[in-house]
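Have a look at the structure below before the remarks.
Just so it is clear, none of the values below were taken in a lab; they were calculated from the coordinates. The model shown is predicted, which means the values in this text are computed figures rather than measured ones. Virtual Cβ from ideal backbone geometry, glycine too; neighbours counted across all protein chains shown.
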């Protein structure tokens, strides 16, 4: 009986130690898990097609997509995926969802982008931000619109969970596209072609 109790005590101690030492979220694949809906106001639809180039990742620390700051020792969240490609492909998908026609090549309108921020800070909540510099040109290369588009998201969730990071990063993309498509200047750039 004593041997069983000793074995049980050792097992509980090892389990507690393993639980306390959480595995770091390193090189996680980016996953599309939005919880927000695209917000659309009435807008004029462009008659031409829209081509999205793969965005460039201009962030200083390209692998970093988040950080848990709940304890004295920050815990990083990193990815080896292409953040620029992830952001541009999902922005394109949201444009399609909004009823805009996107194409792989030879679009009447071309959207180029540079990802400036794509990050989650976790304290009591998960807070994400996306900042993208976009340039919209016509087929001939004339700039129709250029500027920053941004969005953020906040959510509660269990501490240091990949699922929560995926959700707020995805929601930041949804909210960026929502604000972009509500911009009168952006709508005008699209509808003039």
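Only Cα pairs under 8 Å and 6+ residues apart enter the sum, and on that basis the relative contact order of the chain stands at 26 percent.
Report the antiparallel proportion of the DSSP beta bridges in the chain as a percent, rounded to a multiple of 5.
Given both bridge residues lie in the chain, the antiparallel proportion sits at roughly 70 percent.
Between residue 22 and residue 184, the C-beta separation translates, for a Förster distance of 30 Å, into a calculated FRET efficiency of about 0.05.
Distance from the C-alpha centroid of region 105-130 to that of region 131-193: 6 Å, rounded to the whole angstrom. At full extension, residue 154 and residue 121 could sit 10.9 nm farther apart than now, given 0.36 nm per residue minus the alpha carbon distance.
Short-range pairs are left out: with C-alpha atoms under 8 Å and at least six residues apart, the relative contact order of region 62-172 is 22 percent.
Computing FRET efficiency as 1/(1 + (r/R0)^6) for residue 73 and residue 104, where r is the C-beta to C-beta distance and R0 is 41 Å, gives about 0.35. Each peptide in 182-188, 166-172 was scored by the mean count of other Cβ atoms within 10 Å over its residues; highest first, the order is 166-172, 182-188. Computed extension gain for residue 143 through residue 47, at 0.36 nm per residue and net of the alpha carbon distance, reaches 32.8 nm. Helical content of the chain, expressed as a calculated mean residue ellipticity at 222 nm, amounts to -11000 deg cm²/dmol (DSSP H runs of 4 or more residues, -39,500 (n - 2.57) each, divided by residue number, nearest 500). Roughly how tilted is helix 162-182, in degrees to the nearest 10 and between 0 and 90, from the longest Cα axis of the chain? Roughly 20 degrees between the two axes.
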